[in-house]
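Colleague: Shown below is the structure under consideration.
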């Protein structure tokens, strides 16, 4: 396994693989990898000849007063996880390599980024789209793998690829959870012992909503209220948002039918966690 922080090196290696007729997968990450990331790598390994993992804490997707400086980083640890998963190449650039001193260009879109996480983090998805677009140009992979935990991000990337005619297939992979149901996240490390115990309320509230839907409930407002009521039983939980939207447009819906995203963001103490259910 090779590690490179240079755009030209990585691009040349991927082009060489493609010239040999090999299929290439990209798994974009911000590092501090966990079992969720590993599941993406393992699926990429099964479905492609070569696997590239990018590890880059992208400053463009962090707003003021967010956790850019404190976001966990450990390249040695991440490298071992990648090697165990069969990764061929890690792209680990410095900020200066990705964004030169005269950087002016951005990628953005209307509608999909405006709700959910985008409502409280207005610059976030512009940063995500810009860095992912750059990665797709640097690493011309056949497929890119994203976790469904970041469901709005997945919907936005899918739309960006379709609208801008990127020649890459986007693969969404299921959420990996702890034994008690909490979605795996690098930010779980911020939780105190008591906060970690109470954080299971996110998954429990979504399970309550799914129980109602499976019993025949189709009213999106009622499903939303079930989640809110459950979350409000947790003393440490402060709701950022609870929404039931179309997975294709990220716009509110009245009935639970078709492709639906049930998405929540909740502060447990000072740590903001997200979770969701996607119904297709």
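The values are calculated or read from the model by the stated rules, or taken from the named source; none is laboratory data. The shown structure was predicted, so the numbers you read here are calculated from the model rather than taken from an experiment. Note that we place each Cβ from the backbone using ideal geometry, even for glycine, and neighbour counts take in every protein chain shown.
Colleague: Does residue 20 satisfy the condition of being without any contact (Cβ under 8 Å) to a residue 24 or more places away in the chain, surrounded by fewer than 22 Cβ atoms within 10 Å (Cβ to Cβ) and either outside the structural domain of residue 135 (by TED's automatic domain parsing) or more than 17 Å from residue 76 (Cα to Cα) (or both)?
Modeller: Yes, satisfied.
Colleague: Does residue 44 count as surrounded by fewer than 16 Cβ atoms within 10 Å (Cβ to Cβ), in the same structural domain as residue 128 (by TED's automatic domain parsing) and part of a helix (DSSP H, G or I)?
Modeller: Criteria not met by residue 44.
Colleague: If residue 52 satisfies every condition in (1) in a loop (DSSP other than H, G, I, E, B); (2) in contact with a strand residue (DSSP E or B) (Cβ under 7 Å, 6 or more places away or on another chain); (3) in contact (Cβ under 8 Å) with a residue 40 or more places away in the chain but one, which is the exception?
Modeller: (1)
Colleague: Then there's this: Checking the conditions here, which among 18, 6 is within 20 Å of residue 144 (Cβ to Cβ) and more than 23 Å from the chain's Cα centre (by Cα)?
Modeller: 18
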